[in-house]
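Novice: Here it is, the structure, as structure tokens.
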Amino acid sequence: MKILAFETSCDETSVAIVEDGKKVLSNIISTQIDIHKEYGGVVPEIASRHHIENILPVFMEALEKSKCSLNDIDYIAVTNTPGLIGSLLVGLMFAKSISYANKIPLLPVNHIEGHIFSNFIENDIQLPAISLVVSGGHTNLYYLTEKDSSINIELLGETLDDAIGESYDKVARVLGLPYPGGPEIDKLSLNGEDTLKIKKPNVEGYDFSFSGIKTFVTNYVNNQKMKNNNISKENVAKSFQETVIEVLYDKVSKVIEDKKVKTVLVAGGVSANKRLREKFESLKNKVENIYFPKFEYCTDNAAMIAAAAYYNLKKEKNLKNMYEIDAKSTKEI
Ligand code: KG4
Ligand code: ZN
């Protein structure tokens, strides 16, 4: 089964064609990072305008690379929520038009589910599993089980305030580093030491909190600046990164013990982080398998949307044709 998928929820225009949820025939990603860098973050209006310019060439390139024609496509999948409304609408309306004109059924996909299924591309995942989604907008922990030959996804915990990627970006900003801040902090901290020893928040259950850590770091940097003291950006980056990664590590260790899972899946933009990948290696004495997506499937991409649609097809409730779904079902983060 071949699925043509569209992803335009934020600042990446992406189109992919994936066979049987696993074989990626093409996954074209046009990122707007360089455009938004100038403003220190994503400007929604500018993002929508660039999606409008990019969607057709990206679609044509994806078709060409896959060596498929629209006659080979069984379903069209498109991210319909969550995301920036103007950005979502470009992908949604484009996908609807292709679907209507070519009589190919259309399937809605939740962006976060896309991140969860990014680990199912090229891998056979053993359930039960937990999935940690760490991105610019979300920090969610899910429990995945097999139910009636499909996959059931239960939300166990989420951030009570800032998402982890958002905190990375804000700390980077106060340090004068470019957007997106995550990769910059990841790089800088390689040469730093954990000198700040930031206190970890005490949050019950499986929920997370990052705003206290972020505020501690931004206050520290601003205070040092006011006193005209030199700060080591490397040490601040390392101290911040060690603390937030330990928060993730502690929660995942707790849920492994409570749920007795075999598999841990980590996904979303922050899953590209080198230190996070290294630290989670040590979970290998607690679970059989730990998966991180390939780098091109960590940040936003359409291959993961096709993968999620493939697994969703097994759930009857998602089989309804998406002609019914309109802008009312999209919502802004
Ligand atoms: O999943 P994503 O592309 O978009 C959302 O759905 O939000 O994630 C983007 C986030 C940004 O906050 C970015 O700073 C972060 O992922 N990120 C990283 C790294 N690469 C991207 N954070 C930490 N370390 C990285 N290497
Ligand atoms: Zn994302």
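Novice: Inspect all residues belonging to the range 238-250 and state whether any of them is of a type in the set (Gly, Ala, Ser), away from ligand 1 (no atom under 16 Å from the Cβ) and either surrounded by 13 or more Cβ atoms within 10 Å (Cβ to Cβ) or more than 23 Å from the chain's Cα centre (by Cα) (or both).
Specialist: No; the residues of the range 238-250 include none that is of a type in the set (Gly, Ala, Ser), away from ligand 1 (no atom under 16 Å from the Cβ) and either surrounded by 13 or more Cβ atoms within 10 Å (Cβ to Cβ) or more than 23 Å from the chain's Cα centre (by Cα) (or both).
Novice: I would also like to ask the following. When the range 120-140 is examined, which residues are found to be more than 16 Å from ligand 1 (Cβ to nearest atom) and of a type in the set (Val, Ile, Thr)?
Specialist: 125, 130
Novice: Got a sec? Which of 204, 234 is in a loop (DSSP other than H, G, I, E, B) and either surrounded by 18 or more Cβ atoms within 10 Å (Cβ to Cβ) or in the same structural domain as residue 133 (by TED's automatic domain parsing) (or both)?
Specialist: 204
Novice: Return the total of residues in the range 26-40 being crowded, with 17+ Cβ neighbours inside 10 Å and of a type in the set (Gly, Ala, Ser).
Specialist: Looking only at that region, the number is 2.
Novice: Could I ask something else about it? Is it the case, given these coordinates, that residue 194 is touching a strand residue (DSSP E or B) at 6+ places or on another chain (Cβ under 9 Å), acidic (Asp, Glu) and more than 16 Å from ligand 2 (Cβ to nearest atom)?
Specialist: No: the conditions fail for residue 194.
Novice: Can you tell me how many residues in the range 146-177 are polar (S, T, N, Q), at pLDDT below 95 and open to solvent by less than 40 Å² (accessible area, probe 1.4 Å)?
Specialist: Qualifying residue count, the range 146-177: 1.
Novice: Please list, ordered by first then second residue, the pairs with beta carbon atoms under 7 Å, 6 or more apart or interchain, first in the range 6-18 and farther than 12 Å from residue 73 by Cβ and within 13 Å of ligand 2 (Cβ to nearest atom), second part of a loop (DSSP other than H, G, I, E, B) and β-branched (Val, Ile, Thr).
Specialist: 10/42; 11/42; 12/299
Novice: Same structure again: Could you please find all residues in the range 253-275 being crowded, with 23+ Cβ neighbours inside 10 Å and away from ligand 2 (no atom under 16 Å from the Cβ)?
Specialist: Selection gives 261, 264.
Novice: Based on what the data block shows, is residue 65 within 16 Å of residue 6 (Cα to Cα) and among the basic types (Lys, Arg)?
Specialist: Here the answer is yes, as residue 65 does meet what is asked.
Novice: Residue check: is residue 266 under 24 Å from residue 212 (Cα atoms), part of a helix (DSSP H, G or I) and either away from ligand 1 (no atom under 13 Å from the Cβ) or modelled with pLDDT of 95 or more (or both)?
Specialist: In short, no.
Novice: Could I ask something else about it? Please pick out the residue among 80, 54, 71, 110 that is in the same structural domain as residue 313 (by TED's automatic domain parsing), over 23 Å from residue 269 (Cα atoms) and either modelled with pLDDT under 95 or not aliphatic (A, V, I, L, M) (or both).
Specialist: Residue meeting the stated conditions: 71.
Novice: Let me ask you something else. Just to be sure, is residue 116 at pLDDT 95 or above, of a type in the set (A, V, I, L, M, F, W, C) and within 16 Å of ligand 1 (Cβ to nearest atom)?
Specialist: Taking the combined requirement at face value, the residue satisfies it.
Novice: A follow-up question, please. Looking only at residues in the range 141-176 that are assigned to a loop (DSSP other than H, G, I, E, B) and more than 10 Å from ligand 1 (Cβ to nearest atom), which one is nearest to residue 267 (Cα to Cα)?
Specialist: Applying the filter and picking the extreme gives 162.
Novice: Quick one: would you say residue 304 is open to solvent by less than 10 Å² (accessible area, probe 1.4 Å), closer than 28 Å to residue 95 by Cβ, at pLDDT below 95 and not assigned by TED's automatic domain parsing to the domain that holds residue 202?
Specialist: no
Novice: Sticking with this structure for a sec: Taking residue 213, is it open to solvent by less than 40 Å² (accessible area, probe 1.4 Å), more than 27 Å from residue 81 (Cα to Cα) and either of a type outside the set (Phe, Trp, Tyr) or within 16 Å of ligand 1 (Cβ to nearest atom) (or both)?
Specialist: yes
Novice: Test residue 293 against the stated conditions and say whether it is outside any helix (DSSP H, G or I), closer than 19 Å to residue 168 by Cβ and not hydroxyl-bearing (Ser, Thr, Tyr).
Specialist: Considered against the rule, which asks whether it is outside any helix (DSSP H, G or I), closer than 19 Å to residue 168 by Cβ and not hydroxyl-bearing (Ser, Thr, Tyr), residue 293 comes out as yes.
The values are calculated or read from the model by the stated rules, or taken from the named source; none is laboratory data. It should be emphasised that the depicted structure is a prediction, and the values quoted were computed from it without experimental measurement. No Cβ is skipped: glycine too gets one built from the backbone with ideal geometry, and neighbour counts run over all protein chains shown. Please note that ligands, DNA and RNA were not included when accessible areas were found on the heavy atoms of the full protein model with its side chains. Shrake-Rupley method; radii C 1.70, N 1.55, O 1.52, S 1.80 Å.
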